[in-house]
Amino acid sequence: MNPVFIREIRQAVRNRTVLYAINIFLTILVLASGYVIYDTGYGDFAGNPDQLETGPHGQRLFDVLMGLATIASAAGCISGSALRLAKDRIDEEMQFYSLIGPGKQLRGRMLAGLLITSLFFSITLPFLVFAYLLRGVSLYQIVLLPCAAMIGIQIANLIAIALFGGVRSCLQWICYGFLFAGILALLYIGLSQDAAFFHRLIRDWISGYMIPYTRVELATLFLFRSGFYLILIPFIAVLVALCQLSPPSWNRMRPLRVGLSVFGLVMLPVEHFFIPGGVESWFSFTTAALSVFLVVAVCERDTWEARLRRSIPKSRRGRIVAFPFFTGAANGLMFVLVWTILLAVIGSCYAFAAAGILPLPGGRGVNHFFVYSQLASMFFLMLIFDYFATGKMLWHLFFHRWLPKELTWLVGLGMILAASILSLVLAILSQVVSTAGHINNTFVMAVNPFMLFFDPAMTGVQMVLAGGWTIIIALCGYPWLRNRFLDFHLDSRRETDTLETPGHGNTAFAVLPSTESS
């Protein structure tokens with residue numbers, strides 16, 4: 001048996017939380033069922049029971065019961081596994097430093113959440129059967145909808161474990177709570193829109209109306225959107241959870257970077273050949289994922305311990321391939337830089353195809369709006385990379401004495417917010433103040449990485465700004481990156497930490513000592 005699963009269930013039973021929750025939930029079900037039956041008007045049928053068979057009276061009761069069961073099981077599952085994980089993280093439980101691997105910890109907490117979810121739905125099942133007897137509900141609804149709700153709750157629990165596994169303080173607990181609520185809201189909105197979209201398409205197709213997709217394209221699009229919610233989201237959550245639950249001495253980021261890289265490279269030809277407009281979604285998702293990787297990369301370690309060095313390849317070619325996927329600040333920045341170059345190459349191919357210079361395989365046409373969205377995503381990623389890489393330099397130069405390494409991302413985020421607010425203020429002043437009408441603030445507005453999505457005229461200016469800024473960062477950071485790669489080898493005795501040697505390498509990264517503790 002999984003020791004984490006046994007521990008979670010034992011704690012839930014010992015403090016009688018589950019027992020109290022079951023009694024309260026059962027009471028709510030009885031009261032809600034009685035109220036719905038009374039409100040429906042069954043009191044008028046006492047003298048004529050035959051009227052009970054007229055009308056789908058059980059549908060309303062079924063909806064109420066499913067809503068209560070979903071809310072109660074989600075609250076019990078997430079609070080019993082993910083929130084308890086956050087408490088254990090804050091209390092520094094020894095299980096995170098024992099021989100219990102992150103995979104076993106994740107499976108144990110997921111099994112505990114699944115057991116709690118099954119318990120609540122098992123209690124609701126007799127009431128659902130009663131709703132079936134009141135007519136208006138089919139057996140397929142009673143079987144399929146609870147199963148779908150349980151799957152959705154487990155995916156939400158997995159996302160919660162992936163987030164709350166990184167909690168180290170009460171403030172982080174609150175921040176991750178808001179982030180978790182925002183992710184669930186976005187997933188709910190996206191799922192609702194996709195459900196309405198496919199419902200409308202299928203209804204028009206059955207009615208004989210013309211739809212812009214063939215049967216194969218419609219089925220492929222449905223499978224792709226279903227796979228996004230049922231495969232991609234859980235896959236990313238599992239990788240993030242394993243990264244969060246791994247000890248500090250492990251190579252945390254390698255499974256996440258390798259997994260998402262393989263998935264992205266595999267999905268690009270699939271979306272190009274089989275999914276209409278899929279490449280645009282691929283660019284947007286890749287840009288968002290790499291932006292998150294940047295936030296994490298600037299907070300990572302600058303050196304590698306002996307345990308990590310044992311997994312470094314011996315050959316130089318192997319080290320070149322493994323370097324972007326390893327845990328470390330230089331590794332993370334190199335990983336994002338490689339992907340940015342790859343996106344630039346792919347975007348250039350589609351731009352040439354739109355201009356008629358380079359034909360694309362598959363025979364699909366490319367419009368100019370599609371090319372513009374790709375350019376916007378690429379320049380946005382380049383500007384985000386420039387901001388966070390500059391923030392990393394500023395942290396080493398000025399802020400390392402007051403700001404912990406884990407909060408280095410605040411420097412880059414502060415620069416983005418300052419640039420965005422400044423651009424908005426200048427835009428307002430240019431409209432309000434009459435004397436500022438002749439001022440050309442296009443370059444100042446271009447420092448806002450989000451401006452390209454609202455003003456297509458910023459394309460050329462932001463291209464020059466992002467490209468020039470990236471080249472400057474590459475030139476300034478090359479000595480530091482080169483020294484980091486030279487230190488990326490098996491023999492820790494030969495390590496020369498450039499961050500601890502004043503005047504060695506690039507001064508933007510090397511003049512101040514490192515505060516790396518893990």
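Each value in this text was obtained by applying a stated rule to the coordinates, not by laboratory testing. Worth saying up front: this structure is predicted, and the values here are computed from it rather than measured. Heads up, the Cβs are rebuilt from the backbone with ideal geometry, glycines too, and the neighbour counts pull from every protein chain shown.
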Segment residue 171-residue 118, length gained on full extension (0.36 nm per residue, minus Cα span): 15.9 nm
Segment residue 205-residue 24, extension gain: residue separation times 0.36 nm, minus the distance between their alpha carbons: 60.5 nm
statement: Here, residue 463 and residue 231, labelled 7 Å along Cα→Cβ, have an inter-label distance in nm of 3.6
- request: Place the peptides 4-13, 223-232 in order of packing, highest mean first, counting for every residue the other Cβ atoms within 10 Å and averaging per peptide.
  value: 4-13, 223-232
message: At 7 Å along Cα-to-Cβ for each site, give me the label-to-label distance between residue 422 and residue 40 in nm.
response: 6.5
message: Would any residue of the range 154-175 have its amide N under 20 Å from a label point 7 Å out along Cα→Cβ of residue 263? List them or say none.
response: 154-166
- prompt: Computed FRET efficiency, Cβ-Cβ of residue 341 and residue 478, R0 22 Å: what is it to the nearest 0.05?
  reply: 0.90
